[in-house]
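The values are calculated or read from the model by the stated rules, or taken from the named source; none is laboratory data. Please read all numbers here as calculations on a predicted model, not as lab measurements. All Cβ positions, even for glycine, are placed from backbone atoms using ideal geometry, and neighbour counts span all protein chains on display.
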Amino acid sequence: MIPFNQLKPLHDLLADEIHEALRRVADSGWYILGPEVEAFEAEFAAYHGAAGAVGVASGTDAIELALRAGGIGAGDEAITVAHTAMATVTAIESTGAKPVLADIDLETFTLDPLAAQAAISERTRAIVVVHLYGQPADMDALKGLAEKHNLLLIEDCAQAHGAEYKGRKVGTIGDMGAFSFYPTKNMGAYGDGGAVITGSREYAERLEKLRNYGQTTRYRHQSRGTNSRLDEMQAAVLRVKLRHLDRHNGRRREMAALYDANLRSVTTPAEAVDGRHAYHLYVIRDRDRDGLMATLQERGIGTLIHYPIPAHLQESHRDLGLPAGSLPQTERAAREILSLPLYIGLGDDEVMRVCEEIEKLRG
Ligand SMILES: *Cc1c(COP(=O)(O)O)cnc(C)c1O
């Protein structure tokens, strides 16, 4: 039996360090916005070479608050993709802005810059680009577009911790980078968490107020905010995880290379020439995806689809007015994609077994 994912092997490996960190917080008597969050923010900013990092309660909040810090709200439009976690779309909507969904490049599964350009209207104020599966999007083209039309550029890095574009860490190329620390992400907490990184001290200061009721100093409010804080326990866990991130991403890339070398009969994921993929997910394409998935399940191999229904075809989002057929590459991806097991603790022999089962089926 090879499950699609499991966290226990990873957390067993790190148990000593993580338990020490959790005990330190438990014993400290300080649980919200304290020394662990401050240290984590400094370490996460330094890892990226960013001016600031601000911890928040989730990846969804990171996107929403980044947009709000950038002045996006009701009446504005923000361009993003339908081929993403629903959170990207709902985060835009939480600001009062309207998400405008553009098609993807099927090879990289990320926002197609030409489709983004075609989606620009006089209300467009932002682009939220998603580095889906850990694959950096075409940032030169998107940054050029954002600069030309004076748009805020937010990077949704929820699946791309440590991924690089032309040697730069994702999240540092646009105006702000939004991260999720949901447990299964490349860098996961022991609960919910998120962060925004930015090169602008001004955005960082706005974010610090936004996440804490809009407070400037205790009980003084110059602007409206909310409660969206990373807690001390999660920050302490994340400080441990950050120390292992590059090594873990290296192992992810090793497993991806093993899949690449041993899968012949399905379409393996392309790595963009300018990108260093973080392989949050290893996603193949196949014309008989449903058949493949069912047979692998029978043989004891877990797989998942990220994501089976694009945002514009969800029941909740019919009012976006994008009928089936309006985003052809997105819809084709949703029909053909399959995510194979890839996690820390999965052995090379298990990767090989998945490859053998797929090739046996197809060979
Ligand atoms: C996980 C994820 C989010 C949301 O993060 P949460 O921490 O679950 O709120 C947003 N965007 C993408 C692409 C994600 O994978």
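List of remarks:
- Hey, Thr84 modelled with pLDDT of 95 or more, touching a His at 6+ places or on another chain (Cβ under 8 Å), assigned by TED's automatic domain parsing to the domain that holds Gly171 and hydroxyl-bearing (Ser, Thr, Tyr) or not: no
- Test: residue in segment 46-61 that is away from the ligand (no atom under 14 Å from the Cβ), in contact (Cβ under 8 Å) with a residue 12 or more places away in the chain and out of contact with any strand residue (DSSP E or B) (no Cβ under 8 Å at 6 or more places or on another chain): no
- Close contacts from segment 105-128, counting a first residue that is closer than 17 Å to Asp274 by Cβ and assigned by TED's automatic domain parsing to the domain that holds Asp175 and a second that is small (Gly, Ala, Ser) and assigned to a loop (DSSP other than H, G, I, E, B), with Cβ to Cβ under 6 Å and a gap of 6+ residues or different chains, come to Glu107/Ala270; Thr108/Ala272; Thr110/Ala137; Leu111/Ala137.
- Picking from residues in segment 153-162 that are of a type in the set (A, V, I, L, M) and surrounded by 24 or more Cβ atoms within 10 Å (Cβ to Cβ), the one that is farthest from Val54 (Cα to Cα) is Ala160.
- Residues that are under 20 Å from Met139 (Cα atoms), away from the ligand (no atom under 16 Å from the Cβ) and small (Gly, Ala, Ser) within segment 86-125 comprise Ala115, Ala116, Ala118, Ala119, listed in sequence order.
- Within segment 3-22, residues that are basic (Lys, Arg) reach partners that are at pLDDT 95 or above with beta carbons closer than 8 Å, at six or more positions or on different chains, in the pairs Lys8/Gly345.
- Checking the stated criteria, Asp140 turns out not to satisfy the condition of being of a type in the set (D, E, K, R) and under 21 Å from Ala87 (Cα atoms).
- One residue stands out among those in segment 129-175 that are among the hydroxyl-bearing types (Ser, Thr, Tyr) and in contact with a Gly (Cβ under 7 Å, 6 or more places away or on another chain): the one that is farthest from His248 (Cα to Cα), which is Thr172.
- Segment 319-348, residues that are modelled with pLDDT of 95 or more, surrounded by fewer than 16 Cβ atoms within 10 Å (Cβ to Cβ) and farther than 28 Å from Leu361 by Cα: Pro323, Ala324, Gly325, Pro328
- Scan segment 142-159 for residues that are within 16 Å of the ligand (Cβ to nearest atom) and among the polar types (S, T, N, Q) and the total you get is 1.
- Verdict on Ser316 being touching a strand residue (DSSP E or B) at 6+ places or on another chain (Cβ under 8 Å) and either at pLDDT below 95 or not assigned by TED's automatic domain parsing to the domain that holds His83 (or both): no
Okay, residues lined up against (1) part of a helix (DSSP H, G or I); (2) not hydroxyl-bearing (Ser, Thr, Tyr):
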residue: Thr216; (1), (2): no, no
residue: Ser223; (1), (2): no, no
residue: Ala236; (1), (2): yes, yes
residue: Arg243; (1), (2): yes, yes
residue: Asp246; (1), (2): yes, yes
residue: Arg251; (1), (2): yes, yes
residue: Met255; (1), (2): yes, yes
residue: Asp260; (1), (2): yes, yes
residue: Pro269; (1), (2): no, yes
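- Taking (1) within 12 Å of the ligand (Cβ to nearest atom); (2) farther than 26 Å from Lys143 by Cβ in turn, Tyr213 satisfies each apart from (1).
- Between Arg201, Arg168, the distinction of being away from the ligand (no atom under 12 Å from the Cβ), in contact (Cβ under 8 Å) with a residue 24 or more places away in the chain, surrounded by fewer than 19 Cβ atoms within 10 Å (Cβ to Cβ) and over 18 Å from Glu64 (Cβ atoms) belongs to Arg201 only.
Quick grid of which residues meet (1) modelled with pLDDT of 95 or more; (2) of a type in the set (Ser, Thr, Tyr); (3) within 16 Å of the ligand (Cβ to nearest atom):
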residue: Asn186; (1), (2), (3): yes, no, yes
residue: Glu205; (1), (2), (3): yes, no, no
residue: His221; (1), (2), (3): no, no, no
residue: Leu230; (1), (2), (3): yes, no, yes
residue: His244; (1), (2), (3): yes, no, no
residue: Ala257; (1), (2), (3): yes, no, no
residue: Ala272; (1), (2), (3): no, no, no
